[in-house]
Amino acid sequence: MLIKNARINTIDNKYEIKDIYIKDGKIAEIGFDINSLNIIKKTFLTSDKNIKKLEIIDLKGKKYLIPGVIDPHVHMRDPGLIHKEDLYTGSRACAKGGITTFIDMPNTIPTTTDLNALQDKKNLASIKSLVNYGFHFGGTNTDNSDIIPSKGVASTKVFMNISTGKMLVEKDEVLKNIFLKSKMVSVHAEGEIVEKAIVYNEKYGKNLYICHISSKKELNIIRKSRKKNLKKIYTEVTPHHLFLTENDIKGKNKMLLRMKPELKTIHDVEALWKAINDGIIDTIGSDHAPHLLSEKLEKVTFGIPGVENSLPLMLNAVSKGKITLSKLIELMSKNPSKIFGIKDRGEIKEGYYGDLVVVDLEKKFTLENKTTLSKCGWTPFDGYIGYGKIETTIVNGNIVYNKDQIIENIGSEIEYE
Ligand code: DOR
Ligand code: ZN
Ligand code: ZN
């Protein structure tokens, strides 16, 4: 594939127009005015048949080409809860949302807390996922620290508060062992429990990834700990905690907008945006947690779908000048790749995979229940209009989404450094 005239954002939020040649799924060359005939000569036998094989996309105009989003926090529900979502439907929703890699959470049925369950998930994803995938292993309160894999997972996820699934880990000895045995612990920790997680990491851990920071209070804990120069901790925020407040939990949204952590006040939301621009936040994770509408309405159920909304909402924030495109790329692609040690993804660079998204910051998008691809069939942002349309999603050099259409393909499992 040869992408001509790609507008690529540079670190200082300027841009360059480049051509990108992708061969065997990876970016082989980035240059000015790459001549397609030269590539054909270099790469293929110059018979007419082979010349046709070089797919050429010309992006001349104002569209940007950005690295594909790496979503470090999704609940694909597969296996066990596939009436809500599965790896096929969830990955299609990712393709539409510009997410070229997702990392799945362990609170499925069975939970991803032993090697068999992990392998089963890998097998399922290898035949169902359109985009690239990886997995978090789950820590258990019965202490599975002995079988925490040293390779092939992004982290050990530990629920330190109650949430969907029965995965709460609260025994001191067990937490200690899990932190000791993991290269990275990702935590669901809320409020003062964030502090507790930091203390365990300080004493026994190596790296800590704090999921879905949602309040001023949590930000203060993080600021304090970073000042004290403790071990490195990484922080994530979700789009829903940036774009919704507790005031939205009313009327038809009374039951729908329930999640863990719950939505907070406008002051918390403002503090989160400030923290993003101050560099306190490292990633955006969607915390895609689909439940059917009927389930949401029946009884209090925590979680909302996110993979289709995440990049559009953030692109709209770029259009409005709330953050720069460079910052978005850092939060949504570069940092997730670096933090979890993902090999050759997260940047537009020679030798990296052709995981790319074409976006038009001047084009309007609408988020709607009726166009939702997630099996849950709804979005918390029904009717939301913004600027920053996802035109095309490319995974390992293959187009998986283009102009509102899915093109079936199969993703790969990510590798770790
Ligand atoms: O709201 C949530 N839903 N928070 C979580 O931590 C889990 C998630 C789910 O899996 O439904
Ligand atoms: Zn969580
Ligand atoms: Zn989650």
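Considering only segment 289-345, state which residues are within 16 Å of ligand 2 (Cβ to nearest atom) and under 19 Å from residue 269 (Cα atoms).
Correct list: 303, 304, 306, 310.
From the list 260, 217, 264, 203, pick out the single residue that is in contact with a Phe, Trp or Tyr (Cβ under 7 Å, 6 or more places away or on another chain) and either crowded, with 16+ Cβ neighbours inside 10 Å or at pLDDT 95 or above (or both).
None of the others qualify; the one that does is 260.
Please enumerate the residues belonging to segment 20-32 that are open to solvent by 20 Å² or more (accessible area, probe 1.4 Å) and within 21 Å of residue 66 (Cβ to Cβ).
As a first pass, look at segment 20-32 and keep what is open to solvent by 20 Å² or more (accessible area, probe 1.4 Å): 23-24, 26, 28-30, 32.
The answer is 23, 26, 28, 29, 30, 32.
If you go through segment 275-288 one residue at a time, how many are within 14 Å of ligand 2 (Cβ to nearest atom) and of a type in the set (Asp, Glu)?
Total satisfying the criteria: 1.
State which residue is nearest to ligand 2 (Cβ to nearest atom) when the search covers only segment 91-119 and only residues that are open to solvent by less than 30 Å² (accessible area, probe 1.4 Å) and over 23 Å from residue 343 (Cα atoms).
At the first step, the residues of segment 91-119 found to be open to solvent by less than 30 Å² (accessible area, probe 1.4 Å) are 91, 93-95, 97-108, 112-113, 117-118.
Still in the list and also over 23 Å from residue 343 (Cα atoms): 93, 107-108, 113, 117.
Values: 93: 19, 107: 9, 108: 14, 113: 16, 117: 19 Å.
Restricting to residues being open to solvent by less than 30 Å² (accessible area, probe 1.4 Å) and over 23 Å from residue 343 (Cα atoms), the top hit is 107.
Looking at (1) closer than 26 Å to residue 376 by Cβ; (2) open to solvent by 40 Å² or more (accessible area, probe 1.4 Å), can you tell me which one residue 122 breaks?
All conditions are met except number (2).
Pick out the one residue from 192, 173 that is farther than 21 Å from residue 229 by Cα, out of contact with any Pro (no Cβ under 8 Å at 6 or more places or on another chain) and open to solvent by 70 Å² or more (accessible area, probe 1.4 Å).
Among 192, 173, only 173 is farther than 21 Å from residue 229 by Cα, out of contact with any Pro (no Cβ under 8 Å at 6 or more places or on another chain) and open to solvent by 70 Å² or more (accessible area, probe 1.4 Å).
Condition first: open to solvent by 20 Å² or more (accessible area, probe 1.4 Å), within 14 Å of residue 100 (Cα to Cα) and either in contact with a Pro (Cβ under 9 Å, 6 or more places away or on another chain) or free of Cβ contacts under 8 Å to residues at least 60 places away in the same chain (or both). Now tell me which residues in segment 330-359 satisfy that.
334, 347, 348, 352, listed by residue number.
Report every pair of residues separated by at least 6 positions or lying on different chains whose Cβ atoms are under 7 Å apart, first residue within segment 252-267 and within 16 Å of ligand 2 (Cβ to nearest atom), second small (Gly, Ala, Ser).
Pairs that qualify, where the first residue is within 16 Å of ligand 2 (Cβ to nearest atom) and the partner is small (Gly, Ala, Ser), are 259/289; 259/303; 260/163; 261/214; 264/214; 264/215.
Consider residue 285 carefully, then state whether it is under 21 Å from the mean Cα position of the chain (by Cα) and surrounded by fewer than 24 Cβ atoms within 10 Å (Cβ to Cβ).
Spelling it out, it is not the case that residue 285 is under 21 Å from the mean Cα position of the chain (by Cα) and surrounded by fewer than 24 Cβ atoms within 10 Å (Cβ to Cβ).
Residue 228 passes all but one of (1) buried (at least 21 other Cβ atoms within 10 Å of the Cβ); (2) closer than 19 Å to residue 282 by Cβ; (3) more than 25 Å from the chain's Cα centre (by Cα); which number fails?
(1)
Answer yes or no: is there a residue in segment 141-157 that is within 19 Å of residue 108 (Cβ to Cβ), within 15 Å of ligand 1 (Cβ to nearest atom) and without any contact (Cβ under 8 Å) to a residue 40 or more places away in the chain.
Looking for residues that are within 19 Å of residue 108 (Cβ to Cβ), within 15 Å of ligand 1 (Cβ to nearest atom) and without any contact (Cβ under 8 Å) to a residue 40 or more places away in the chain, one finds none in segment 141-157, hence no.
Return the residues of segment 142-162 that are part of a loop (DSSP other than H, G, I, E, B), crowded, with 20+ Cβ neighbours inside 10 Å and within 16 Å of ligand 2 (Cβ to nearest atom); say none if nothing qualifies.
Once the filter is applied, which keeps residues that are part of a loop (DSSP other than H, G, I, E, B), crowded, with 20+ Cβ neighbours inside 10 Å and within 16 Å of ligand 2 (Cβ to nearest atom), segment 142-162 yields 154, 155, 160.
From the list 241, 288, pick out the single residue that is within 20 Å of residue 357 (Cα to Cα) and not polar (S, T, N, Q).
Selected residue: 288, the only one of 241, 288 that is within 20 Å of residue 357 (Cα to Cα) and not polar (S, T, N, Q).
From the set of residues in segment 150-168 that are at pLDDT below 95 and not small (Gly, Ala, Ser), which is nearest to ligand 3 (Cβ to nearest atom)?
By that ranking, first place goes to 164.
The values are calculated or read from the model by the stated rules, or taken from the named source; none is laboratory data. Small disclaimer: the values here were computed from a predicted structure and weren't measured. Reconstructed Cβ throughout: ideal geometry from the backbone, glycine too, with neighbour counts over all protein chains shown. Accessible surface is based on the protein model in full, side chains and every heavy atom, while ligands, DNA and RNA are left aside. Shrake-Rupley method; radii C 1.70, N 1.55, O 1.52, S 1.80 Å.
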